[in-house]
1. I want the local charge near B:L98. Using Cβ-Cβ distances under 14 Å, sum +1 for each Lys or Arg and -1 for each Asp or Glu among the other residues.
2. List the residues, sorted by chain then number, that are 5 or more residues from B:G7 or on another chain and whose placed amide H is less than 5 Å from its amide H.
3. Among A:L100, A:S65, B:P142, flag the residue with its Cα farthest along the positive direction of the charge dipole of the protein assembly as shown, charges on Cβ as +1 for Lys/Arg and -1 for Asp/Glu.
4. Rounded to the nearest 100 Å², what is the sum over both chains of accessible area buried where A meets B, with a probe of 1.4 Å?
5. To the nearest whole number, what is the average tally of beta carbon atoms from other chains within 10 Å of the beta carbons of peptide B:304-313?
6. If I fit a long axis through the Cα atoms of helix B:335-351 and take the longest principal axis of the Cα atoms of chain B, what angle between them do I get, 0 to 90°, rounded to 10?
7. Sequence-distant or interchain residues sharing an amide H contact under 5 Å with B:S76, placed H: which?
8. May I ask you to give the percent of accessible area on the protein assembly as shown that is carbon plus sulfur, with a probe radius of 1.4 Å?
Amino acid sequence: MFNQSPLIRWRKYNNNYFLEASKCQNCKKIHFPKAYICTCGCSLFDKTILSGAGKIVSFSTVNISTEQFVEQGVLIIALIELCKGVKICGQIVESKIEDLKIGDFVESCFRKISQNGDDGIINYGIKFRVKI
Amino acid sequence: MKIGVLGVSCTKFGEHWDKSLSDLLWLSQIEALNDAKISPKDLDLILVGNMCSGIFLGQQNLGVVAAENLNVNIPSFTVESACASGGVALRSGIISILSGTSDLVLVSGVEKMTDVNISQATTGLMFAASEELEAFNGATFPSLNGMVARSYMHKYGLTREQLASVSVKNHRHGALNTLAHLRKEISIADVLNSQIVSDPLTLLDCSPVSDGAASIILCSEKFAPKNDKKLVSIIGFGMAMDSLSLQNREDLCSMKATKLASEIAYKSAGVEPKDIDVVELHDAFSILEIIALEDLGFAEKGEAGRLEAEGKFNIDSDGLVVNPSGGLKAKGHPIGATGVSQAVEIVKQLRGSCDKNQVKDANLGLAHNMGGVGASVTVHIFKRED
């Protein structure tokens with residue numbers, strides 16, 4: 001695959017670093033990441049920042065990785081519900097798969113996600129850990 | 001509406017180390033033309049379902065490859081919708097005939113996957129999901145389906161053994177199909193004890209990485225042979241989409257696109273799920289067969305796992321037979337070829353021209369093809385003319 005321009009990640013910093021979502025001005029529904037049009041048909045939104053706290057909807061493991069993650073070993077991937085109707089896909093860290101349950105409460109943490117080769121840019125973003 | 005099927009063909013699926021993408025495509029093209037008893041010069045349009053030739057082989061523009069293979073200059077182009085590329089190519093062929101611009105259309109599907117290693121294949125297949133929201137975070141296709149499986153097991157009490165029975169059945173069918181990639185019967189214990197790919201899914205819950213090609217020749221009503229008792233027609237079709245990422249789904253245990261596409265297909269064909277005798281559905285992962293059976297109307301919600309474990313969909317059952325080819329699980333899953341090969345299998349079943357995996361007295365068949373994890377879905381309904 002191509003070693004793409006850093007801009008491809010830079011333009012998503014607000015999503016990937018700060019969980020910036022959009023809130024429909026009409027029906028108040030929250031979309032993450034930002035939506036172009038709401039299910040109610042409205043296309044006017046206000047910015048809102050999600051807290052990063054949520055609960056596990058489901059989870060699985062990545063035992064055979066895509067190329068960028070091969071050196072990281074087995075990953076735990078989960079769908080987290082951040083607030084009603086708003087979910088995010090991310091890794092769970094600091095837990096073993098056998099200790100996780102659907103419904104567990106988690107919080108976000110800022111982590112390195114991947115690296116584009118030895119001299120490429122390092123991608124950062126949000127992962128999740130079980131709330132103690 | 002009625003679209004006639006003049007010819008079908010499918011290469012053996014598997015590891016074709018001595019054959020290129022173009023070789024596989026040509027083999028299926030020429031066999032379908034022979035089956036239809038027509039020459040390339042008779043065709044009005046060629047469509048090619050393919051997803052990964054660019055990333056895996058550095059070659060796109062397969063429409064030109066397909067036309068050059070047959071030494072014709074007619075319109076020919078690729079149709080891409082991830083794993084549903086073949087199904088959408090078939091749909092596009094039907095629409096071209098219904099529009100009145102074509103009378104004879106060759107629809108092929110092809111994928112050459114074994115020229116890359118498993119990490120490269122995993123990376124390429126993940127292009128079908130959301131790059132920004134899923135692939136960026138390290139998710140893979142099996143892990144997305146692993147989350148679907150865990151969610152379904154949690155909500156409906158599906159047991160690991162019931163889930164494994166899907167793969168056991170499909171391998172049993174695949175063992176009977178000379179074109180299948182994996183022709184070996186397996187047990188529940190084999191599935192449970194195989195290597196974990198994405199917990200709770202093991203290697204034997206997942207379809208293999210395969211090479212292969214399939215072709216089907218469609219014709220308008222005026223070109224359909226009259227009084228041919230074995231002529232199979234396409235009498236209904238539907239397509240629907242859902243969100244690219246799983247996070248934007250309300251329910252992980254049902255695929256809205258399958259429900260919508262099948263409702264449209266049943267309505268256009270004027271049939272109901274209970275009328276169908278044989279179905280080829282998109283079992284890229286065992287859990288997807290369970291969910292598709294329910295969304296297509298063949299089982300009540302939460303019941304498909306129990307019915308699978310009881311052998312209700314086996315080739316020797318009295319009722320509906322599911323994936324007599326072995327499905328994606330055992331027949332193989334060369335992405336772009338899969339949707340076309342499902343249609344080919346249904347046509348052969350309705351003609352009564354299958355070998356050991358022939359379903360008895362099949363008159364009405366359905367093919368269900370899915371791209372992404374339920375993101376793009378096609379459903380086609382086939383009928384034998386008699």
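The values are calculated or read from the model by the stated rules, or taken from the named source; none is laboratory data. All values derive from a computational prediction rather than experimental measurement. Virtual Cβ from ideal backbone geometry, glycine too; neighbours counted across all protein chains shown. With ligands, DNA and RNA removed, areas are computed over all heavy atoms of the protein, side chains included. Shrake-Rupley method; radii C 1.70, N 1.55, O 1.52, S 1.80 Å.
1. My count for the surroundings of B:L98 gives 0.
2. Answer set, sorted by chain and number: B:I217.
3. Sorting the options by dipole projection puts first A:L100.
4. The A and B chains share an interface burying roughly 2900 Å².
5. Averaged over the peptide's residues, the number is 0.
6. In chain B, helix B:335-351 runs at an angle near 70 degrees to the longest axis.
7. Sorted by chain and number, the residues that satisfy this are B:I46.
8. 51
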